[in-house]
Amino acid sequence: MNPNPFISADQEPAPAQSDSLASNNTSAVVPEAQSQPANQPQLSTEPAVQPQPAATPTQFQSAAQPTTQFQPATAPISDDELAAANQNIQTVFDAFSSRVVGQENLRTALMVSLMTGGHILLESVPGLAKTTAVQTLAASVQGSFKRIQCTPDLLPSDIIGTQIYDYNKGEFRTELGPVHANFVLLDEINRSSAKTQSAMLEAMQEKQTSIGGQRYDLPKPFIVLATQNPIEQEGTYELPEAQLDRFLLKEVLSYPAPDEELEILKRIESGKLSEAPNNSNTPNIELAAVETLQNLAQKVYIDDAIKNYIVKIVSATRNPASIIPSETARYVQYGASPRASIAFQQVAKALALINGRNYVIPEDVKQLRHSVLRHRIILNFEAIADQVHPEVIIDSIFNAVPVP
């Protein structure tokens, strides 16, 4: 029986072929790899360090062992729980597709964020449906949504809230800021000052805010989805590394294909996209179902061999010269922190559940590798001068680390 109701049986990972990037969701990987610049320089004559513009099933070497080796002795999730989870996941996917054309990799990343409670940084030029996608995600689970337009004069109190003196009562009252919502969109976060950006750190990490010495818990789920323009655009500020590391994923969006852009025009003309996403015009699930999905994602089994695989990958980012050619390794200034290992494990578990499994396979680690690591690997000025991007380093490391 096919464990995933919304993929065909011939799309499932074959027992003897564990080397595909995403056996059940190849379309979610291709857009991410295509977002890399096409003019990447050739760094080495060795195939392992070549920039890889598109994901292919033979991109990574893998041991010819059946994926069943990663299954637990006792299923951590029952078949009924798995079926119910897949139904809720499909509802959210349907909601996304009803409002956003294409952007399948973004759809997967948002679903992973929802199931892990992690935050996402979205980078692209304006007009690629980032705001619409986040609004749709909130409407699909009947969650509260707030949008904060970041500007250079935005103050921390404009985000987290402040105390206002009530003359009638002769006392101060607390006015909670827009960050107190299930889904918070920080639009163009890199246009705000460093002081304002830092005000989000406590909320993103601790799930609470401090106003007038009093702590206020944020609602559950609480997810920050920040957007930014490419750093070379005028009037933007680089995000501090401490804040970047708190984003579970960084997704780089690309322009839609011509047929997708044509579909957008048809939907606009028909009036399908005339209204903003809300609970009445968007397929949705109960907000309580999100907590159930998060609990199930935590219960997904991950074998020790895959945990070691994750640790080896993240460790390689800190000492890349030990595993990849020096021509490539010399561009890395700082590697990823232990948060990257935690993120890989959380993301892999969520992807396994999305693909109808209660256990993790190596392809779940590979699928969103760029999104997990691209904002955590800090490159030096030499890399900027040579137009070398983090994706090149990431693919080189994944090619070099043996797959369990």
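The values are calculated or read from the model by the stated rules, or taken from the named source; none is laboratory data. Being a predicted model, the structure only gives us computed values, none of them experimental. Reconstructed Cβ throughout: ideal geometry from the backbone, glycine too, with neighbour counts over all protein chains shown.
Numbers at a glance
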quantity: Residue in segment 76-94 that is at pLDDT 90 or above, of a type in the set (A, V, I, L, M, F, W, C), within 19 Å of the chain's Cα centre (by Cα) and surrounded by 20 or more Cβ atoms within 10 Å (Cβ to Cβ) present; calculated: yes
quantity: Sole exception among (1) surrounded by fewer than 21 Cβ atoms within 10 Å (Cβ to Cβ); (2) at pLDDT 85 or above; (3) over 30 Å from R267 (Cβ atoms) for Q59, by number; calculated: (2)
quantity: Yes/no for K220 being out of contact with any strand residue (DSSP E or B) (no Cβ under 8 Å at 6 or more places or on another chain), over 30 Å from L293 (Cβ atoms) and not aromatic (F, W, Y); calculated: no
quantity: Wholly within segment 105-208, strands (runs of 3 or more DSSP E) carrying at least 2 residues that are among the charged types (D, E, K, R) and surrounded by fewer than 23 Cβ atoms within 10 Å (Cβ to Cβ); calculated: 145-149, 171-176
quantity: Pairs with Cβ under 6 Å, 6+ apart, first in segment 168-185 and under 11 Å from I148 (Cα atoms), second outside any loop (DSSP other than H, G, I, E, B) and among the basic types (K, R); calculated: P178/K146; V184/K146; L185/R147
quantity: Counted residues, segment 223-249 - those being part of a loop (DSSP other than H, G, I, E, B), hydrophobic (A, V, I, L, M, F, W, C) and touching a strand residue (DSSP E or B) at 6+ places or on another chain (Cβ under 8 Å); calculated: 3
quantity: Single condition S326 does not satisfy, out of (1) more than 23 Å from the chain's Cα centre (by Cα); (2) touching a residue at least 24 places away in the same chain (Cβ under 8 Å); calculated: (2)
quantity: Selected residue [assigned by TED's automatic domain parsing to the domain that holds T68, out of contact with any strand residue (DSSP E or B) (no Cβ under 6 Å at 6 or more places or on another chain) and closer than 19 Å to D245 by Cβ] from P362, P390, P402; calculated: P390
quantity: Scope segment 295-309; condition of a type in the set (D, E, K, R) and touching a Phe, Trp or Tyr at 6+ places or on another chain (Cβ under 8 Å); matching residues; calculated: D303
quantity: Qualifying helices (runs of 4 or more DSSP H) (wholly inside segment 282-390; at least 2 residues being surrounded by fewer than 22 Cβ atoms within 10 Å (Cβ to Cβ)); calculated: 287-299, 304-318, 326-329, 338-354, 381-385
quantity: Inter-residue pairs, beta-carbon under 6 Å, first touching a residue at least 12 places away in the same chain (Cβ under 8 Å) and in segment 203-217, second β-branched (V, I, T) and part of a helix (DSSP H, G or I), 6+ apart; calculated: T209/I160
quantity: Some residue of segment 149-160 being touching a His at 6+ places or on another chain (Cβ under 9 Å), assigned by TED's automatic domain parsing to the domain that holds H119 and over 18 Å from I120 (Cα atoms); calculated: yes
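Conditions (1) in contact (Cβ under 8 Å) with a residue 60 or more places away in the chain; (2) not small (G, A, S), marked per residue:
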{"position": "I268", "(1), (2)": "no, yes"}
{"position": "A289", "(1), (2)": "yes, no"}
{"position": "Y301", "(1), (2)": "yes, yes"}
{"position": "Q333", "(1), (2)": "no, yes"}
{"position": "A350", "(1), (2)": "yes, no"}
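Condition check ((1) assigned by TED's automatic domain parsing to the domain that holds C150; (2) at pLDDT 80 or above) across all residues:
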{"position": "G235", "(1), (2)": "yes, no"}
{"position": "L253", "(1), (2)": "yes, yes"}
{"position": "P258", "(1), (2)": "yes, yes"}
{"position": "I264", "(1), (2)": "yes, yes"}
{"position": "R267", "(1), (2)": "yes, yes"}
{"position": "K272", "(1), (2)": "yes, no"}
{"position": "P277", "(1), (2)": "yes, no"}
{"position": "V290", "(1), (2)": "no, yes"}
